[in-house]
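Okay, structure first, notes after.
The values are calculated or read from the model by the stated rules, or taken from the named source; none is laboratory data. In this text, all values refer to a predicted model and were calculated from it rather than measured experimentally. Cβ placement follows ideal geometry from the backbone for every residue including glycine, while neighbour counts extend to all protein chains displayed. Side chains are part of the model used for accessible areas, which takes the heavy atoms of the whole protein and leaves out ligands, DNA and RNA. Shrake-Rupley method; radii C 1.70, N 1.55, O 1.52, S 1.80 Å.
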Amino acid sequence: MVQEVETATSGTGQSEEGRQTVTNITQHRRAAPVDDKIDMEIPDPVYDFEHLGLKIAESLVYAAEQQVVEANSLLEETKALAESIREQVKIQTAALEDLNGRLKRFGGQMLDAHRQFNGGGRETKVEED
């Protein structure tokens, strides 16, 4: 539907004859573009802003869902990495405990050898001058 409004002045939106042309916005309805990535149930919008608003809303939901999928994938990868780290820590802890035990035994053997070869554990007094 096109309406013609007679005006005396010229300006934005006016034709050269001085008539202003008003176009009904329902003539400019656009068909919703088909997007395979976004499965949306958008009703046939009457106005462009309605179409855009619905499209934005559906796009936001789709983007959030994709972030959730990516976050879940990252969570699973992180859990696997954490388990690997736990296993490595367990192995290194066992190795350190073994080393600590061997060092204690070696230190005990050295102390026993020192005591055996230096008078059976007697302390010697240092003479003062």
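At a glance:
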read-out: Criterion (modelled with pLDDT under 95 and surrounded by 10 or more Cβ atoms within 10 Å (Cβ to Cβ)) met by exactly one of Ala8, Ala63, Ala32, Ala94; value: Ala32
read-out: Breaking point among (1) within 59 Å of the chain's Cα centre (by Cα); (2) open to solvent by less than 100 Å² (accessible area, probe 1.4 Å); (3) modelled with pLDDT under 95, for Met110; value: (2)
